[in-house]
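The structure appears below as structure tokens.
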Amino acid sequence: IVGSSEHNNIQDEIFENYIHVAPDDAFLLGAPLLPGPSIDAALQKKHDDLKKAIERLSYIDAHDALLLLKNSLHLPKLLYTLRTSVCHGNKILNDIDNLTQEGVSNILNLTFSDTQRLQASLPVRDGGLGIRSVASLASSAFLASAASTEDTQFRILVATHATIDPLRESTLVGWKSMTEAILEPLGSDALVQKNWDKAAIDHSKSVLLAACTNDRERSRILASQAVHSGDWLNALPITSCGLRLTNDVIRAAVGFRLGCRLCEPHLCRCGSMVDAFGMHSLSCNKSAASGRQVRHHQLNDIVWRSLARANVHAKKEPLGLARTDGKRPDGVTLTPWKAGKCLLWDATTPDTLAASHVDKTSKQAGAAAEQAANLKVEKYRELSENYIFTPIAVETLGPINDDGMNFLNELGRRISQLTLDKRETAFLFQRISIAVQRGNAASFAGCFEEIVPTWDAD
């Protein structure tokens with residue numbers, strides 16, 4: 001029986017075997033009913049379970065651990081409680097966020113600043129790692145749930161004339177304060193948690209851009225928010241499909257995405273200074289063999305293999321299709337692609353943060369990819385009369401040129417028609433994103449002096 005203390009003294013024989021519970025301690029279907037000890041106890045248990053899980057994640061590979069934490073052990077375990085109970089403002093949520101960030105730091109062997117933690121808490125599509133902050137999500141989750149049950153609440157409470165939910169109103173005040181939003185979602189929009197969450201995400205993104213102190217940081221933030229730049233974070237670590245990233249690769253990938261310190265400042269093999277963020281390695285001439293060529297060859301191979309899966313015969317670096325300078329495109333289809341013409345493609349991976357690009361990429365995400373694509377179009381203009389030429393430019397931090405993206409979307413669609421799997425396009429972009437991250441990590445490793453092991457004579 002849920003009731004106040006005076007009601008708990010009922011002597012009726014009907015209630016003698018019932019357990020008397022105070023409202024503040026009451027649960028219904030596993031959800032605390034009111035703010036108070038019950039919510040604190042529920043959240044503390046979630047915190048303790050998460051702490052135990054994070055300790056165990058240290059025994060497995062970083063890619064697996066990050067995926068499990070993001071998709072299973074963190075927010076999914078808390079979302080039901082956030083939607084059914086008033087958790088906004090509870091200090092235990094901050095403890096859970098701090099515990100999660102420490103766990104991510106240990107898994108990846110990286111140190112995060114406050115702004116990097118903020119970026120990591122954003123969804124992948126908005127430039128983060130998808131490790132959401134439960135403290136910032138609590139109000140959005142509850143308000144969407146309250147809106148979806150508002151009609152039912154009104155029907156139940158209309159007899160008592162209680163048409164205003166004080167818990168919802170207090171949560172709404174907290175949501176407006178946190179997001180600095182003027183208008184709240186109304187009507188059918190209010191039923192969707194994503195619409196409430198969007199205001200918090202937009203506010204966080206504006207904070208990140210305002211915190212940028214130079215063009216390079218702004219370029220990195222904009223590139224991380226570009227379409228498909230974070231697809232590697234959505235890929236399942238399946239070794240047989242070539243999608244598993246080693247600990248060193250995923251550390252470098254997250255470090256470049258969030259702008260973390262990756263190393264001590266040192267001299268590169270080319271003689272230039274490498275700062276603590278390792279960005280020089282992505283465009284260093286000495287890294288061409290170790291990283292830049294890896295990115296290019298893997299990207300070209302993925303396109304060629306994907307064409308084969310779409311039943312389109314193709315050939316790499318075809319003889320007889322050279323430019324006036326003797327250079328050949330990366331590949332050509334042997335059967336017409338569209339309008340009776342065969343397709344030529346040429347891939348390139350410009351560096352988002354290169355000195356020659358940063359002025360443009362700090363203003364528009366993907367500017368380096370578009371510039372590189374335009375140069376490819378100009379170089380192969382003489383072959384475009386008889387062929388459909390498509391440049392595929394994928395920047396080191398992920399953005400893809402528009403023509404290249406359109407081609408990859410069409411290629412994924414054609415594969416889906418044969419396999420009947422609508423996810424083929426997503427899988428294609430994930431493979432490309434994984435290849436770029438591997439090339440970036442190889443470039444980073446290439447900026448250090450080669451380690452030559454020495455052995456004692458005895």
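The values are calculated or read from the model by the stated rules, or taken from the named source; none is laboratory data. Computed from a predicted model, the values in this text were never measured in an experiment. Every residue, glycine among them, receives a Cβ derived from its backbone with ideal geometry; neighbour counts consider all protein chains shown. To get the accessible areas, we keep the full protein, side chains included, count just its heavy atoms, and leave off ligands, DNA and RNA. Shrake-Rupley method; radii C 1.70, N 1.55, O 1.52, S 1.80 Å.
Is the C-alpha gyration tensor of segment 144-205 telling us rounded, prolate or oblate? Criteria: a/c under 1.5 is rounded; beyond that, a/b larger than b/c is prolate, otherwise oblate.
Note, shape of segment 144-205 comes out prolate.
Test of understanding: express the Cα radius of gyration of the chain as a ratio to 2.2 N^0.38 Å, with N the residue count.
1.20
Give me the distance in nm between label points sitting 7 Å out from Cα along the Cα-to-Cβ direction at Leu375 and Glu169, one decimal.
6.2
With a ≥ b ≥ c the root eigenvalues of the C-alpha gyration tensor of segment 371-432, is it rounded (a/c under 1.5), prolate (a/b larger than b/c) or oblate?
oblate
With both partners inside the chain, how many of the DSSP beta bridges are antiparallel, as a percent to the nearest 5?
Rounded to the nearest five, the antiparallel share is 60 percent.
Check the straight Cα-Cα distances from Lys338 and name the lysines below 18 Å, setting aside those fewer than 8 residues away within the same chain.
Those lysines meeting the cut-off are Lys315.
For Thr335 and Leu209, compute 0.36 nm times the residue count separating them, minus their Cα-Cα distance, and round to one decimal in nm.
Full extension of this stretch gives 40.7 nm more.
What are the extents of the Cα atoms of segment 144-280 along their three principal axes, listed from largest to smallest and rounded to whole Å?
Rounded to whole Å, the extents work out to 79, 42, 23 Å.
Report relative contact order for the chain in percent, whole number only (criteria: Cα-Cα under 8 Å, sequence separation at least 6).
Answer for the chain is 14 percent.
Quick one: helix 166-179 against the long Cα principal axis of the chain, what's the angle to the nearest 10°, folded into 0 to 90?
30
Using only alpha carbon pairs under 8 Å that are at least six residues apart, calculate the relative contact order of segment 118-201 and give it in whole percent.
RCO, segment 118-201: 32 percent.
Measuring from centroid to centroid over Cα atoms, what is the spacing of segment 95-169 and segment 212-232 in Å?
For segment 95-169 versus segment 212-232, the Cα centre distance is 24 Å.
Mind listing the long-range amide H neighbours of His266? Cut-off is under 5 Å, sequence gap 5 or more, other chains count too, H placed in the peptide plane at 1.01 Å from N.
Answer set, sorted by chain and number: Val274.
Using only the heavy atoms of the protein chains and a 1.4 Å probe, how would Leu75, Leu108 rank by accessible area, largest first?
Leu75, Leu108
If a/c stays under 1.5 just call it rounded; otherwise compare a/b with b/c (prolate if a/b is bigger, oblate if not). Do that for segment 64-134, with a ≥ b ≥ c from the square roots of the Cα gyration tensor eigenvalues.
Prolate, since a/c reaches 1.5 and a/b exceeds b/c.
Calculate for the chain the 222 nm mean residue ellipticity that helices alone would give, adding -39,500 (n - 2.57) per DSSP H run of length 4 or more and normalising by residue count, nearest 500 deg cm²/dmol.
That comes out to -15000 deg cm²/dmol.
When only Cα pairs under 8 Å and 6 or more residues apart are kept, what is the percent relative contact order across segment 283-390?
Relative contact order for segment 283-390 comes out at 22 percent.
Using Cα positions and a limit of under 16 Å, work out the aspartates and glutamates in reach of Lys316, with same-chain residues fewer than 8 apart set aside.
Asp301, Asp330, Asp346
Grab the beta carbon distance between Glu449 and Arg423, set R0 = 30 Å, and tell me the FRET efficiency rounded to 0.05.
Calculated transfer efficiency: 0.10.
Within the set Lys194/Lys363; Lys341/Lys376; Lys286/Lys327; Lys45/Lys205; Lys205/Lys363; Lys176/Lys205, which residue pairs have Cα atoms separated by over 25 Å?
Lys194/Lys363; Lys45/Lys205, as the Cα separations exceed 25 Å there.
Just to check I understand the Karplus step: with θ = phi - 60° and J = 6.51 cos²θ - 1.76 cosθ + 1.60, what whole-Hz values come out for segment 431-437, glycine and proline as x?
In residue order, the calculated couplings are 5, 5, 5, 4, 4, 5, 5 Hz.
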